[in-house]
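Q: I have a structure I would like to understand better, so I am pasting it below and will then ask my questions one at a time.
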Amino acid sequence: MKKITLFFLLVLSQITFGQAKISETEKLVATCKVWGFLKYYHPQVANGNFNWDQQLLDILPKIDKAQTKAEFSLVLENWIDDLGVVPEIAPIAPPKDVAYFDKNFDLSWVKSNKLFSKKLSKKLKFIEDNRFQGEQFYIYGEEHVGNVHLKNESYKHPDFADKNSKLRMVFMYWNLVEYFFPDKYQMDQKWDTTLEKIIPLAIQSENLDDFYLTMKKMVSRIDDSHTEFFIYPSSTNPKIKRYFPADGKIIDDKLVVTEILGDSLAQADDIKIGDVITKINDKTIKEIILENKDLICASNEPAYLDKLVKNILLSSSDIVKVEFLKNDKYITKTMTWFNYHDSHRNEFKKGAQKKKEKFKLLDSNIGYVNMEVIKPRHIPDMIGVLKSTKAIVFDMRNYPNGTFEEISKFINRNEKEFAIYTRPDLSYPGRFKWSDGSTSGFDNKDYYKGKVIVLLNEDSISQSEWTAMCFQTSGNTTIIGSQTAGTDGNVSQFDFEGFHTLFSGIGVFYPDKRETQRIGIVPDIEVKPTIKGIQEGKDEVLDRALTFIETGK
């Protein structure tokens, strides 16, 4: 009796599977995952035997007609069969002396997807076990570095009037991140969920601007401060830039002017360091913070606010209404922002940097080094002047110039490892492996004996964070400041006809495998600038460092 009951339950489940209706988004999410999997795993696809974009465009109308799970699975089964025989080479022996980092890796959907028949799941699992082992046709790893680059892809605009053409680009980018972004496991929103939400938006987009806005929302969900999404100018989107004549920082939902970038322009509107901006075009800074959350990619909140400032102080309009809070009074100015090019702004910044001292001796026999300005050729002079100080403050609230090696030799007693990495395994896409780390210093009896202080904040990104990790090996280093950008290592860059984007290319960890992505370099002493301090012309972070040097607290 039990056997009869079990038989009828099995038959009933098969009937139910065959008749169950599925939504368009469910079908497209599953198709995206299968298409990407076959792209990098199937021997006849991963070696370039098929025009894989065209294959997607050909299969999508069939997917659209499938109304039930059984029909949907059958379309995919037949598609896989048409690709040809997959030679059985399993088991594939794992490479020797390789330790895998598998927080990113998950192909469980091959078996667990509720839309798949058992036959389809079995085919997909067989392909995984007998995956392509040659040189990937669509992706390659940069030698000695490990981050990935595209090849043999279509870089053109999609046809914005063709739903399937738009889906092709969404699917391509989603799978690029799925298999080759080292920090996927740290996203706030699961990458599968992002795909589910983006597909309907992509289908609804009617033109270039709508579609690339959707892509920008998708890209922002990877939560990586390295990541940008630059839309190239077009006839409908000319991208004329007009700038506020100063830079600033968001503190307590207000934008505070911290640096004048155009003296005459700032003077004309009486803009001074310490001025507080409360509204732009009648929107409060808090409202602007909230409405841009889905458009700017950042590893953490300080990095997001830092990126947002650049957006706030950039306009496509000549006339901008700005509300200031001065002397406890709100003052609204209708300002003219000017279209002066990036090159002019960069020239100004270079001029300002020339005025900044590379290194100097402060009171009480304390050294100070501006890591943004100093270059490797200046290090011997810096050592000569500062080697007898009781402490050196390395100000890295900026982007350094590759000076880590020579400075680490100066401050370290011996050679030490300071970072290890995860890099993608192109023979098993989606898996990452631990690789050799980086070391700094050498056996140096004449190493620096004083305190090493490193100043960091949200402007400390990538090389800044990595250099700070390097300096921490001295054993006498104290980090003072606030949370860094939380995005270390190199970048993988992708250039398309309509846009340019990038993401962190490798995972970066301390030697004990502590994470740095999103977390950043954790300060030993946390201190942040205040509006009052900026208005009074103080550098509160540096002041705190000097207090620590003198008191040890």
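The values are calculated or read from the model by the stated rules, or taken from the named source; none is laboratory data. Computed from a predicted model, the values in this text were never measured in an experiment. Virtual Cβ from ideal backbone geometry, glycine too; neighbours counted across all protein chains shown. To get the accessible areas, we keep the full protein, side chains included, count just its heavy atoms, and leave off ligands, DNA and RNA. Shrake-Rupley method; radii C 1.70, N 1.55, O 1.52, S 1.80 Å.
Q: With the checklist (1) of a type outside the set (Val, Ile, Thr); (2) under 30 Å from Pro43 (Cα atoms); (3) part of a helix (DSSP H, G or I); (4) over 18 Å from the mean Cα position of the chain (by Cα) in hand, flag the one item Leu176 doesn't pass.
A: (4)
Q: Say whether the condition of being in contact with a helix residue (DSSP H, G or I) (Cβ under 8 Å, 6 or more places away or on another chain), at pLDDT 95 or above and more than 30 Å from Thr547 (Cβ to Cβ) is met by at least one residue in the range 328-349.
A: Within the range 328-349, none of the residues are in contact with a helix residue (DSSP H, G or I) (Cβ under 8 Å, 6 or more places away or on another chain), at pLDDT 95 or above and more than 30 Å from Thr547 (Cβ to Cβ).
Q: Which is aromatic (Phe, Trp, Tyr) and over 30 Å from Thr258 (Cα atoms), of Phe471, Phe496?
A: Phe496
Q: Report yes if Lys249 is assigned to a helix (DSSP H, G or I), touching a helix residue (DSSP H, G or I) at 6+ places or on another chain (Cβ under 8 Å) and either in contact (Cβ under 8 Å) with a residue 60 or more places away in the chain or within 30 Å of Glu515 (Cβ to Cβ) (or both), otherwise no.
A: no
Q: Taking the conditions exactly as written (in contact with a Leu (Cβ under 6 Å, 6 or more places away or on another chain), open to solvent by 20 Å² or more (accessible area, probe 1.4 Å) and either touching a residue at least 12 places away in the same chain (Cβ under 8 Å) or of a type in the set (A, V, I, L, M) (or both)), does Gly141 satisfy them or not?
A: Against the criterion (in contact with a Leu (Cβ under 6 Å, 6 or more places away or on another chain), open to solvent by 20 Å² or more (accessible area, probe 1.4 Å) and either touching a residue at least 12 places away in the same chain (Cβ under 8 Å) or of a type in the set (A, V, I, L, M) (or both)), Gly141 qualifies.
Q: Here is a follow-up. When you scan the range 78-104, how many residues do you find that are within 20 Å of Leu38 (Cα to Cα) and open to solvent by less than 50 Å² (accessible area, probe 1.4 Å)?
A: The number of residues fulfilling the criteria is 8.
Q: (1) assigned to a loop (DSSP other than H, G, I, E, B); (2) modelled with pLDDT of 95 or more; (3) of a type outside the set (Phe, Trp, Tyr); (4) open to solvent by 10 Å² or more (accessible area, probe 1.4 Å): which one isn't true of Pro182, the others all being true?
A: (4)
Q: Looking at Ile260, Ile289, Ile277, which is the one that is modelled with pLDDT of 95 or more and out of contact with any Gly (no Cβ under 8 Å at 6 or more places or on another chain)?
A: The conditions single out Ile289.
Q: Considering only the range 508-542, state which residues are closer than 26 Å to Asp328 by Cβ, open to solvent by 70 Å² or more (accessible area, probe 1.4 Å) and charged (D, E, K, R).
A: Correct list: Lys528, Lys532, Glu536, Lys538.
Q: Could you check, for the range 286-299, whether at least one of its residues is of a type in the set (S, T, N, Q), touching a Lys or Arg at 6+ places or on another chain (Cβ under 6 Å), surrounded by 19 or more Cβ atoms within 10 Å (Cβ to Cβ) and closer than 28 Å to Val177 by Cβ?
A: Yes, the range 286-299 contains a residue that is of a type in the set (S, T, N, Q), touching a Lys or Arg at 6+ places or on another chain (Cβ under 6 Å), surrounded by 19 or more Cβ atoms within 10 Å (Cβ to Cβ) and closer than 28 Å to Val177 by Cβ.
Q: In addition: Kindly indicate whether any position in the range 112-132 is farther than 28 Å from Ala66 by Cβ and touching a residue at least 40 places away in the same chain (Cβ under 8 Å).
A: No, the range 112-132 has no match at all.
Q: So which helices (runs of 4 or more DSSP H) stay within the range 1-56 end to end and still have 2 or more residues that are open to solvent by 90 Å² or more (accessible area, probe 1.4 Å) and modelled with pLDDT under 95?
A: Where helices (runs of 4 or more DSSP H) fall fully within the range 1-56 and carry at least 2 residues being open to solvent by 90 Å² or more (accessible area, probe 1.4 Å) and modelled with pLDDT under 95, they are 2-19.
Q: Give me a count of the residues in the range 252-303 that are among the basic types (Lys, Arg), touching a Ser or Thr at 6+ places or on another chain (Cβ under 9 Å) and assigned to a loop (DSSP other than H, G, I, E, B).
A: Within the range 252-303, residues that are among the basic types (Lys, Arg), touching a Ser or Thr at 6+ places or on another chain (Cβ under 9 Å) and assigned to a loop (DSSP other than H, G, I, E, B) number 1.
Q: Restricting attention to the range 221-234, does a residue exist that is within 24 Å of the chain's Cα centre (by Cα) and more than 16 Å from Leu502 (Cα to Cα)?
A: Among the residues of the range 221-234, at least one is within 24 Å of the chain's Cα centre (by Cα) and more than 16 Å from Leu502 (Cα to Cα), which makes the answer yes.
Q: Then there's this: Can you name the condition, by its number, that Gly533 falls short on among (1) closer than 17 Å to Gln472 by Cα; (2) in a helix (DSSP H, G or I)?
A: Looking at each condition in turn, Gly533 falls short on (1).
Q: Next up: What are the residues in the range 146-179 that are open to solvent by less than 10 Å² (accessible area, probe 1.4 Å) and either of a type in the set (A, V, I, L, M, F, W, C) or free of Cβ contacts under 8 Å to residues at least 40 places away in the same chain (or both), if any?
A: Of everything in the range 146-179, those that are open to solvent by less than 10 Å² (accessible area, probe 1.4 Å) and either of a type in the set (A, V, I, L, M, F, W, C) or free of Cβ contacts under 8 Å to residues at least 40 places away in the same chain (or both) turn out to be Val148, Leu167, Met169, Val170, Phe171, Met172, Trp174, Leu176, Val177.
Q: Further question: Name the residue, out of Asp306, Asp282, that is open to solvent by 80 Å² or more (accessible area, probe 1.4 Å) and within 24 Å of Ile240 (Cα to Cα).
A: When all the criteria are applied, what remains is Asp282.
Q: While we're here: Of the residues in the range 214-257, how many are in contact with a Gly (Cβ under 9 Å, 6 or more places away or on another chain), closer than 30 Å to Lys190 by Cα and open to solvent by 20 Å² or more (accessible area, probe 1.4 Å)?
A: The total comes to 3.
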